[in-house]
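The values are calculated or read from the model by the stated rules, or taken from the named source; none is laboratory data. The shown structure was predicted, so the numbers you read here are calculated from the model rather than taken from an experiment. Reconstructed Cβ throughout: ideal geometry from the backbone, glycine too, with neighbour counts over all protein chains shown. Just the protein is used for accessible areas: all its heavy atoms, side chains included, with ligands, DNA and RNA removed. Shrake-Rupley method; radii C 1.70, N 1.55, O 1.52, S 1.80 Å.
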Amino acid sequence: FRSVQGLRSAGLDDAALVVSWTASALVGSLALAAIALAFAAARRWPESVAAVALLAVEGVGYLVKLLVERPRPLALFGIESSHTSFPSGHALQAFLLYGFLIYLLDGQLKPRWLGRALQVALAIPIVMVGLARVYLGQHWPSDVVGAYLLGAVGLGLAVWAGRRVPLLRLRR
């Protein structure tokens, strides 16, 4: 935490705010909802169900925040926040949204190296959002790691749910 905080500058502050905005609850939730609706319109039910399940994982993250009630690092500096710290909602949102896009791209592009390069590019915001949240003093590193772990489990369960619901695998 201290080594990341030691990098503070006005330019990095602005960049961290922009990076954080890309994984805000509003942006991420709207993107997942749009993805769910697009797949539903195309009658691609497994992907649509998975996207809706990811919205539910966001809710689980919020419930964990309420249960843990860990203060944000800014409280060390006397700056109060109305929200708690664990897990990082932005890091969770980034993991769910960009992780789902990485999953959706798997094997979809030719040549294969292009698809892999795009998947790696989509992984970068996941890491950057986590670093930005620590940099801005909004979260402890363990809040970000906890969000990534919750995101990995949630993403895996969402994809599994989309693939396993028998009624939704029937296409008309």
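For the stretch 23-35, does any single residue satisfy the condition of being within 14 Å of R133 (Cα to Cα), in contact with an Asp or Glu (Cβ under 9 Å, 6 or more places away or on another chain), loosely packed, with under 15 Cβ neighbours inside 10 Å and not polar (S, T, N, Q)?
Yes - at least one qualifying residue is present in the stretch 23-35.
Charged (D, E, K, R), part of a helix (DSSP H, G or I) and open to solvent by less than 20 Å² (accessible area, probe 1.4 Å) - does that describe any residue in the stretch 157-167?
no
Any idea which of L32, L37 is at pLDDT 80 or above, in a helix (DSSP H, G or I) and touching a Leu at 6+ places or on another chain (Cβ under 6 Å)?
Residue meeting the stated conditions: L32.
When the residues of the stretch 56-82 are narrowed to those that are open to solvent by 80 Å² or more (accessible area, probe 1.4 Å) and not in a helix (DSSP H, G or I), which ends up modelled with the highest pLDDT?
E69
Residues A152, A121: which one is part of a helix (DSSP H, G or I), out of contact with any helix residue (DSSP H, G or I) (no Cβ under 9 Å at 6 or more places or on another chain) and loosely packed, with under 14 Cβ neighbours inside 10 Å?
Residue meeting the stated conditions: A121.
Would a scan of the stretch 44-55 turn up a residue that is open to solvent by 90 Å² or more (accessible area, probe 1.4 Å) and at pLDDT 85 or above?
Looking through the stretch 44-55, at least one residue is open to solvent by 90 Å² or more (accessible area, probe 1.4 Å) and at pLDDT 85 or above.
Picking from V134, V127, which residue would you name as being open to solvent by 60 Å² or more (accessible area, probe 1.4 Å) and either assigned to a helix (DSSP H, G or I) or charged (D, E, K, R) (or both)?
V127
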